[in-house]
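Laboratory data are not the source of any read-out in this text; all were calculated from the coordinates shown. Since the structure is predicted, the reported quantities are computational estimates derived from the model, not experimental observations. FYI the Cβ positions are ideal-geometry reconstructions off the backbone, even for glycines, and counts take in every protein chain you see.
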Amino acid sequence: MSPLPCGLKIATIASLMLATSVPGLAQDNTGRRGFFDGGLFGDGKPDKPGAYVSPSANELLPNARDVGAPPIRPLDKYEPIALPKQPGIPTAPKIDLPGLPAYAPQPNPQRDVMRSRSRLTLQAKLTNEGTLVPGGLVWRLFAAIPSLDGRPSMVASSENGTADFDIPPGSYVLHVGFGRAGLVKRIDFTGVRTRETVVLNAGGLKLDAVVGNGGEAPATRLSFDIYSNAKDESDRKLIASDVPPGRVVRLNAGTYHVVSSYGSVNASVRADIRVEAGKITEATLQQRAAQVTLKLVRDHGGEAIADTAWSISTSSGDVVRESVGAFPSMVLAEGEYLIVAKNRDKVYQRPFTVHSGENTDVEVLTSDVSAPDGADESSGD
């Protein structure tokens, strides 16, 4: 297989798109393929909405005092009533009773019990020209007028593709979630039976990675983290973490920062990927790493010595991994490393180089004894 180009390669089936040049990344916008076969519209597994970047609903809610909501205050109490004394009538003995509240606590009245209700039907599309989303949606409808404590109260919810709400006239705040995509919108309902369609402006992102010049990486060792796009890394928000390869993540249209991790040591690659509304964007990142297995042996090809403590450091002296065992295996980014093995109070070491895509066993011979401090150090092969 020919090596992946160093730049960003984009193949668009539905339409040609612009993308930022990113080393080691191939991106493919597959249009509508996969929408109904395990793509954007579900694969038979529940996909509850998660975190996403959306407008704040707080700015859609008025202040409690602005809409006449009474402030919370303690209950009043009756003062004792002095009864007139009549001559010749015996007076009842004085009974010391605790003070009674001005009124007994009553349950909160049911909201809009006497108001007429009409049906509000809500549907969703990914784009203005797209078809209706058949499923994978979570609808939540909140009252625009906050409760006494200032927090919005949910009026109704639905997890159907089409949401039918029987509600009285008034203003509401709608939140609809579609995977990691979502929308917040204010709705002023007049009380007339209404059908409304909201446009999510969302798409899907499907990620994968290759090793070296197109080699296949074990799916169990690959994972992806998706962040919002920002110039400063500290301003990026984590949207989805530990995403396995091949899974379609539903996102609002826009550019995202993706981190691909191969193994758990130091093999990672980053790319900025743009998601288009109504399409599944497939992106393949290129990892420059390899899997290595370490062994302490007396001779080349010999049996590994158990109970060995390992330390792997980079050429700059940074320790990247420590382990104990006869056959520790790990994925390392390509580059030069120094292995230090300790067994029975003896220390052995040797340098080695990791070449991208070349999985190998690295043997440390017991003749590779680390020299004492102040002496010349030598390492075997």
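Relative contact order, percent, of segment 222-381 when contacts are C-alpha pairs under 8 Å separated by at least 6 residues?
18
Give, in nm to one decimal, the length gained when the segment between Ala306 and Glu159 is fully stretched (0.36 nm per residue of separation minus the Cα-Cα distance).
In short, 47.4 nm is gained.
Taking a point 7 angstrom from the Cα of Ser316 along the C-beta vector, which residues in segment 326-360 have backbone N less than 15 Å away?
333-338, by backbone N distance to the label point.
Suppose a student asked you for the relative contact order of segment 289-365, using Cα pairs under 8 Å spaced at least 6 residues apart; what percent would you report?
This gives 42 percent for segment 289-365.
Could you work out the Rg to Rh ratio of segment 123-245, with Rh taken as the Kirkwood radius (inverse of the mean 1/r over all Cα pairs)?
1.11
If you place +1 on the Cβ of every Lys and Arg and -1 on the Cβ of every Asp and Glu, how big does the dipole about the Cα centre of segment 208-360 come out, in debye to the nearest 20?
Value, rounded to 20: 120 debye.
Please give the charge dipole size of segment 289-365, origin at the Cα centre, charges +1 on K and R Cβ atoms and -1 on D and E Cβ atoms. Round to the nearest 20 debye.
Approximately 240 debye in magnitude.
Under a crude label model (7 Å from the Cα following the beta-carbon direction), how far is Asp345 from Thr190 in nanometres?
With each label point 7 Å from Cα toward Cβ, the separation is 9.2 nm.
Grab the Cα-Cα distance for Ser367 and Ala326, subtract it from 0.36 nm times how many residues apart they are, and report the gain in nm with one decimal.
Length gained, Ser367 through Ala326: 13.0 nm.
Do any of Lys125/Lys185; Lys125/Lys237; Lys185/Lys237 go past 19 Å between their Cα atoms, and which?
Result: Lys125/Lys237; Lys185/Lys237 exceed 19 Å.
So for segment 130-217, taking the charge dipole from beta-carbon charges (+1 Lys/Arg, -1 Asp/Glu), which of Gly177, Val198, Pro134 sits furthest toward the positive end?
After comparing all options, I get Val198.
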